[in-house]
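As structure tokens, the structure follows; a few thoughts come after it.
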Amino acid sequence: MSRDEFVKIYNKYIHRKGAKELLQWLESTDFFTAPASTNYHGAYEGGLCEHSLNVFHFYYQEILNRAVEFSGIKCLDTDTEETVAICALLHDVCKANLYVRNTRNVKNEATGQWEKVPYYSVGENKFPYGHGEASVWLIQRFMRLNVEESLAIRWHMGGFDDAAKGNNMSAAYRQYPNTMLLHIADMKATYLLDK
């Protein structure tokens with residue numbers, strides 16, 4: 001179900017050159033069945049796609065609220081909708097083909113028996129890039145991003161990114177406020193909606 005909603009939103013809003021090829025690449029990966037993390041949020045089959053949709057809905061609303069608050073505009077233009085869809089739906093594409101399913105033995109406290117329990121771990125396909133940087137790099141293999149989109153995806157992890165200790169993240173948030181709004185949407189999705 002989440003896959004169908006993702007594809008519908010993607011095709012409705014994202015139309016720039018390379019978008020079709022990027023979606024085909026996503027279809028060739030485990031993006032729609034992968035977890036969003038190993039144990040923090042969405043650590044279940046399909047969690048990555050579900051998380052991306054949750055971020056889209058929060059981010060769209062954050063941008064729309066900002067447009068209404070600062071300019072009285074009650075709907076977003078086509079370019080802004082495309083940017084929102086790109087940033088929200090694709091901010092975590094670096095997680096495609098990243099996780100592997102394993103099992104471990106866990107003692108059942110009720111029975112005292114050891115049982116095999118499934119879990120996810122990071123596989124060997126991890127890029128030696130930062131989390132957001134890897135997503136930007138993967139997207140740009142197919143489709144050009146503008147500066148704001150690149151920075152929003154790059155810094156969507158906020159202070160949870162190892163590189164956030166410098167001034168670059170703060171500068172991006174000040175110069176491109178939608179970058180901060182993507183981070184807020186990601187946090188809302190992670191802590192309020194993702195299981």
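The values are calculated or read from the model by the stated rules, or taken from the named source; none is laboratory data. All figures in this text were calculated on a predicted structure; none of them were measured in a lab. All Cβ positions, glycine included, derive from the backbone under ideal geometry; neighbour counts span all protein chains shown.
Observations on the model:
- Here is the figure for the stretch 49-69: residues that are touching a residue at least 12 places away in the same chain (Cβ under 8 Å), among the hydrophobic types (A, V, I, L, M, F, W, C) and out of contact with any Ser or Thr (no Cβ under 8 Å at 6 or more places or on another chain) total 4.
- Within the set Leu48, Leu76, the sole residue that is among the aliphatic types (A, V, I, L, M) and within 20 Å of Met180 (Cβ to Cβ) turns out to be Leu76.
- Sole residue being β-branched (Val, Ile, Thr) and surrounded by fewer than 20 Cβ atoms within 10 Å (Cβ to Cβ), chosen from Thr83, Thr78: Thr78
- You will find that of Gly159, Gly166, Gly123, the residue that is under 20 Å from Tyr59 (Cβ atoms), out of contact with any helix residue (DSSP H, G or I) (no Cβ under 7 Å at 6 or more places or on another chain), exposed (fewer than 13 other Cβ atoms within 10 Å of the Cβ) and at pLDDT below 90 is Gly159 and no other.
- Checking each residue of the stretch 100-112 against the condition of being touching a Gly at 6+ places or on another chain (Cβ under 6 Å) and at pLDDT 85 or above gives at least one match.
- Just one of (1) of a type outside the set (Val, Ile, Thr); (2) out of contact with any Phe, Trp or Tyr (no Cβ under 9 Å at 6 or more places or on another chain); (3) under 24 Å from Gln140 (Cα atoms); (4) buried (at least 21 other Cβ atoms within 10 Å of the Cβ) fails for Lys95. It is (2).
- Inter-residue pairs, beta-carbon under 9 Å, first within 16 Å of Asn39 (Cβ to Cβ) and in the stretch 91-103, second surrounded by fewer than 24 Cβ atoms within 10 Å (Cβ to Cβ) and β-branched (Val, Ile, Thr), 6+ apart: Leu98/Val122; Tyr99/Thr38; Tyr99/Val122; Val100/Val122; Thr103/Val117
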